[in-house]
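None of the figures in this text is laboratory data; all of them are computed from the coordinates on show. Since the structure is predicted, the reported quantities are computational estimates derived from the model, not experimental observations. Using ideal geometry, Cβ is built from the backbone for each residue, glycine included, and neighbour counts are taken over all protein chains shown.
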Amino acid sequence: MQPSRPALALAVAAGVAGSKRAAGALVAVVALFAAACQPATSGASLESFKKGEFADLDFSQDLAAPASPFIDASGAEHTFANYKGKTVVFNIWAEWCAPCVDEMPTLAKLQKAFPDGDVVVVPVAFGDEDARDSARDTLKSLVGDDLPFFYDSTFNVTYDAKTGSFPSTIIYDAEGQEVARLLFPADWSSPQAVNLVTRIRDGAKS
C-alpha cells in the first residue's frame, strides 16, 4: 500500500527537520571543541589575582622594560633586550633590605617552576659600586646558583622602571611590555604567584 501524499510530505518534512537538528547539534559540538582547543588564558583578566599578599598588584603601568644596562658579577653589561621572546620577572632588591632578602628564595623556587626557559627571573641588586661583591655573596648564600647575579650602581634601571621601592617585582611579557607590578614583598613560590606568571606567559592581560 502506497502512503498518501500528505503522509509522505509529513515524513519528508520530519526527516528534514531531524537532519537540521542533527546538523545543528554537530555544529554545536564542533564549536565547543574548537573553543576548548583555544588557550584558556588568552584575553582572560588578571584582576582575580588581586587578593592576599598580591592585593596591591598594579596592572596600569603600560611601560616597556628598562633600556638601561646592568652588569653581572664579572662586570659584563646586560639589558632586558637579551630576554626578548621570554616572560621576565624583574626583581629589584638590595642586601640591606630585609624583606628583599626574605623573599629571594621564593623567587628562586618560582624560576624552578618554569624549567623550559620561557620564563626568566631577573634579580637586579642596587647599591654603591663598592658593595657589589657583598651583594653577590649575599645572593649566593640565599639561592646558590639558582638565580643569576646582576647589579646596578647607577640606579638607572629603577629610574627606567619608574619605581624606587624595595623590593619591587615587575613582570614583562614576551614583547617586553609591562603587564603587572607589585611593590611589596611576597611569596613568589606560592601557587597564586606561579599561576599569575603562567597566565601572563600565556598571553593574559589585565
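Descriptive notes on the structure:
- Under the combined filter of DSSP loop state and at most 13 neighbouring Cβ atoms within 10 Å, segment 128-206 retains these trypsin sites (Lys or Arg not before Pro): LYS162.
- Annotation: extensible slack from SER190 through LYS112 equals 26.9 nm (criterion: 0.36 nm per residue apart, minus Cα-Cα distance).
- Chymotrypsin sites (Phe, Trp or Tyr not before Pro) within segment 65-145, DSSP loop, no more than 15 other Cβ atoms inside 10 Å: TRP96
- Whole-angstrom gap from segment 114-155 to segment 170-193, using each part's C-alpha centre: 17 Å
- With the simple model of a label 7 Å out from the Cα in the direction of the Cβ, LYS162 to ALA55 spans 2.5 nm.
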